[in-house]
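**Student:** Just passing along the structure, written as structure tokens.
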Amino acid sequence: MAKKSTLQIARAAYSPKLPLGLQGNVSIKEGEPTQSVADQEEVKKLFPNTYGLPLVEFVPGEQKAYAPMNVGVILSGGQAPGGHNVISGIFDGIKRLNPANKLYGFLLGPGGLVDHKYMEITAEIVDEYRNTGGFDMIGSGRTKLEQEEQFESGIQILRELGIKALVIIGGDDSNTNACVLAEYYAAKNYGVQVIGCPKTIDGDLKNDQIETSFGFDTACKTYSEVIGNIQRDANSAKKYWHFIKLMGRSASHIALECALEVQPNVCLVSEEIQEKGQSLDDIVTYIAEAVTERAKDGNNFGTVLIPEGLIEFIPAVKRLIAELNDVLSSEAYLKAQPEDNVAWLLDGNLSAENAATLASLPASFAAQLTGERDPHGNVQVSLIETEKLLSSMVAAKLAEWKVAGKFNGKFSALHHFFGYEGRCAAPSNFDADYCYSLGVSASQLIANGKTGYMAIVKNTTKPAAEWVAGGVPITMMLNMEKRNGQMKPVIRKALVDLNGAPFKAFAAQRDEWKKQTAYVYPGPIQYFGPSEVCDKTTETLRYEHQ
């Protein structure tokens with residue numbers, strides 16, 4: 001058995017809190033029929049069996065008897081703190097319904113369903129993983145459930161194991177796949193329910209029904225701790241501008257949240273850059289101005305927070321990427337298989353406008369932009385070193401300004417990308433509670449015969465007992481978008497609302513942060529707890545004084 005850390009042992013004793021509606025006996029309350037957020041006719045046509053279902057809420061009820069059933073669970077996509085607590089909530093939830101119920105985990109993501117790789121999740125296994133980070137109980141993967149042969153392969157193992165319902169824990173794409181699978185099984189009368197759970201540290205799986213996706217709270221606190229440490233180091237040494245790229249491909253929620261927690265000198269918000277139609281040079285100039293202003297006060301140091309997906313929001317680059325995503329998935333490209341993508345693209349295979357944009361970029365950056373695509377056919381923005389691109393362009397601009405007498409300070413940059421550091425962190429109390437409640441909600445959706453639903457928990461700014469648990473039809477969140485050159489139903493991503501309170505609070509303070517050293521050092525997310533966690537010494541000292 002693997003050795004457990006003191007923190008793991010202490011956290012295992014933590015008992016997640018539940019909303020009142022999920023405590024004891026549970027009844028279901030149904031609301032009005034729903035419709036998709038857009039493209040209603042197209043979505044309804046694609047999902048005739050799971051469209052228009054009502055919102056549901058769980059409330060205290062009377063005791064009921066439930067027949068035995070088996071349930072399957074899949075972790076899909078990137079890791080997020082709290083995934084194990086969702087599984088724990090499902091396990092405890094179905095066992096409370098009937099102790100004879102069994103839970104099976106499909107290994108390494110949706111591919112485990114297709115390839116019939118699974119394990120039974122027992123009480124002993126669950127107890128090893130309660131309140132821990134990571135997805136290592138059953139692993140995760142990025143296989144997309146989109147093809148009929150995958151659905152048919154899946155139903156074979158589901159029938160073999162006697163599984164009545166499948167829970168897919170994932171982000172917007174994974175839950176879209178869950179919706180497609182639910183519709184397919186419903187149309188075929190296969191008798192298998194499919195339920196989703198909202199997971200992504202990016203924070204972009206959010207809407208009127210989903211207040212937050214799990215893992216966001218923990219990841220932001222983890223990143224903010226490290227950013228705070230960097231800011232304190234910069235303020236101590238009085239040197240280095242730190243360019244910090246933060247995970248968040250399609251939205252700037254993480255960068256904005258961390259900015260509100262640590263008060264950096266500069267935080268770029270992709271959605272604002274797109275709204276204002278800013279160019280790459282506009283962004284570089286803005287950062288260079290911050291460096292110049294601080295240098296006048298002798299402060300040749302600072303921090304710049306950069307959303308991972310920034311480059312896709314710069315209008316000219318966004319247009320280029322959109323065409324690249326189409327061209328690099330075209331038959332012409334697949335047939336050509338060029339050794340040098342950039343040269344091939346510039347040889348008459350891009351529109352004149354986008355070819356000019358591509359040609360204007362540094363060679364290394366152009367190569368990253370035209371490299372291998374992700375499973376959805378999109379550019380892999382996490383592999384693009386935007387932080388290095390910006391710092392090098394800022395350095396060049398400052399060199400020009402120095403010659404012109406506009407800049408008399410010093411500029412030296414360091415680079416960071418905080419992504420994987422937060423995805424598997426030990427979940428905060430909020431994520432531990434929230435995820436466990438999502439799991440129990442999923443078990444109740446199954447018990448009440450629902451399919452094509454996503455488990456939800458609302459009212460999350462209140463104490464956990466006042467949270468409201470229930471489910472939302474996934475079709476309610478769908479719209480039609482172009483993917484790989486085809487229009488497909490997908491869950492609409494939630495971008496930063498420039499009229500929302502979080503952005504307005506940031507915008508009201510950023511000019512002060514830009515010039516002043518107004519850093520906040522939030523410290524570790526374990527603010528308090530048992531002595532064996534908070535007062536633990538280093539392993540070096542422990543071994544030296546045994």
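The values are calculated or read from the model by the stated rules, or taken from the named source; none is laboratory data. Computed from a prediction, not measured in an experiment: that's the story for all the values here. FYI the Cβ positions are ideal-geometry reconstructions off the backbone, even for glycines, and counts take in every protein chain you see.
**Student:** Of all helices (runs of 4 or more DSSP H) completely enclosed by the stretch 357-468, which ones contain at least 3 residues that are on the phi > 0 side of the Ramachandran plot?
**Tutor:** none
**Student:** Something else now. Quick check, is residue 195 within 30 Å of residue 526 (Cβ to Cβ) and at pLDDT 95 or above? Walk me through how you get there before you give the answer.
**Tutor:** Numbers: within 30 Å of residue 526 (Cβ to Cβ): no; at pLDDT 95 or above: yes.
For residue 195, the condition - within 30 Å of residue 526 (Cβ to Cβ) and at pLDDT 95 or above - is not met.
**Student:** Counting only residues that are closer than 22 Å to residue 388 by Cβ, in contact (Cβ under 8 Å) with a residue 12 or more places away in the chain and assigned to a helix (DSSP H, G or I), which one in the stretch 207-246 is nearest to the chain's Cα centre (by Cα)? Quick ask: steps written out before the conclusion?
**Tutor:** Initially, the stretch 207-246 is screened for residues closer than 22 Å to residue 388 by Cβ, giving 223, 226-227, 229-231, 233-234, 237, 239-246.
Add one more test, that the residue is in contact (Cβ under 8 Å) with a residue 12 or more places away in the chain, and what stays is 223, 226-227, 229-231, 234, 237, 239-246.
Adding the requirement that they be assigned to a helix (DSSP H, G or I) leaves 223, 226-227, 229-231, 234, 237.
Working: 223: 14, 226: 19, 227: 19, 229: 24, 230: 24, 231: 25, 234: 29, 237: 34 Å.
Of everything passing the filter in the stretch 207-246, 223 is nearest to the chain's Cα centre (by Cα).
**Student:** OK, next. Among (1) within 30 Å of residue 194 (Cβ to Cβ); (2) under 23 Å from the mean Cα position of the chain (by Cα); (3) surrounded by 18 or more Cβ atoms within 10 Å (Cβ to Cβ), there is one condition residue 488 misses while meeting the rest; what is its number?
**Tutor:** Evaluating residue 488 over (1) within 30 Å of residue 194 (Cβ to Cβ); (2) under 23 Å from the mean Cα position of the chain (by Cα); (3) surrounded by 18 or more Cβ atoms within 10 Å (Cβ to Cβ) leaves (3) as the failure.
**Student:** Is there any pair with a first residue in the stretch 306-317 that is under 11 Å from residue 268 (Cα atoms) and a second that is among the acidic types (Asp, Glu) whose Cβ atoms are under 6 Å apart and which are 6 or more apart or on different chains, and what are they?
**Tutor:** 306/387
**Student:** Sticking with this structure for a sec: Would you point out the residue of the stretch 426-460, among those that are small (Gly, Ala, Ser) and in contact with a Phe, Trp or Tyr (Cβ under 8 Å, 6 or more places away or on another chain), that is nearest to residue 80 (Cα to Cα)?
**Tutor:** From the stretch 426-460, those small (Gly, Ala, Ser) are 426, 428, 432, 437, 439, 441-443, 447, 449, 452, 455; that's our starting set.
Checking the rest, the ones that are also in contact with a Phe, Trp or Tyr (Cβ under 8 Å, 6 or more places away or on another chain) come to 432, 437, 439, 441, 447, 452.
On the way: 432: 11, 437: 16, 439: 15, 441: 19, 447: 26, 452: 22 Å.
That would be 432.
**Student:** Out of 173, 204, 127, which single residue is within 20 Å of the chain's Cα centre (by Cα) and part of a helix (DSSP H, G or I)? If you could, list the steps in order and put the result at the bottom.
**Tutor:** Details: 204 fails: part of a helix (DSSP H, G or I); 127 fails: within 20 Å of the chain's Cα centre (by Cα).
None of the other options fit; the residue is 173.
**Student:** For a quick check of your reading: which helices (runs of 4 or more DSSP H) sit entirely within the stretch 488-546 and have at least 2 residues that are at pLDDT below 80? Spell out how you get there, then give the answer.
**Tutor:** Details: elements: 501-515, 531-534, 539-544.
Fully inside the stretch 488-546 and qualifying: 531-534, 539-544.
**Student:** Restricting the stretch 280-307 to residues that are under 27 Å from residue 203 (Cβ atoms) and among the hydrophobic types (A, V, I, L, M, F, W, C), which is surrounded by the most Cβ atoms within 10 Å (Cβ to Cβ)? Please lay out each step first, then the result.
**Tutor:** Pass one, the stretch 280-307, residues under 27 Å from residue 203 (Cβ atoms): 280, 282-284, 286-287, 290, 302-307.
Still in the running and among the hydrophobic types (A, V, I, L, M, F, W, C): 280, 283-284, 287, 290, 304-306.
Values: 280: 20, 283: 21, 284: 20, 287: 24, 290: 22, 304: 23, 305: 26, 306: 28.
Per the stated criteria, the residue is 306.
**Student:** Could you give every pair whose Cβ atoms fall below 9 Å, whose first residue belongs to the stretch 23-42 and is not assigned by TED's automatic domain parsing to the domain that holds residue 457, and whose second residue is of a type in the set (S, T, N, Q) and surrounded by fewer than 14 Cβ atoms within 10 Å (Cβ to Cβ), counting only separations of at least 6 or pairs across chains?
**Tutor:** Cβ pairs passing all conditions: 24/63; 25/63.
**Student:** Take the conditions buried (at least 18 other Cβ atoms within 10 Å of the Cβ), on the phi < 0 side of the Ramachandran plot, within 18 Å of the chain's Cα centre (by Cα) and part of a helix (DSSP H, G or I) and apply them to residue 259. Does it pass? Spell out the reasoning first.
**Tutor:** Values: buried (at least 18 other Cβ atoms within 10 Å of the Cβ): yes; on the phi < 0 side of the Ramachandran plot: yes; within 18 Å of the chain's Cα centre (by Cα): yes; part of a helix (DSSP H, G or I): yes.
Yes; evaluated as a whole, the condition is true for this residue.
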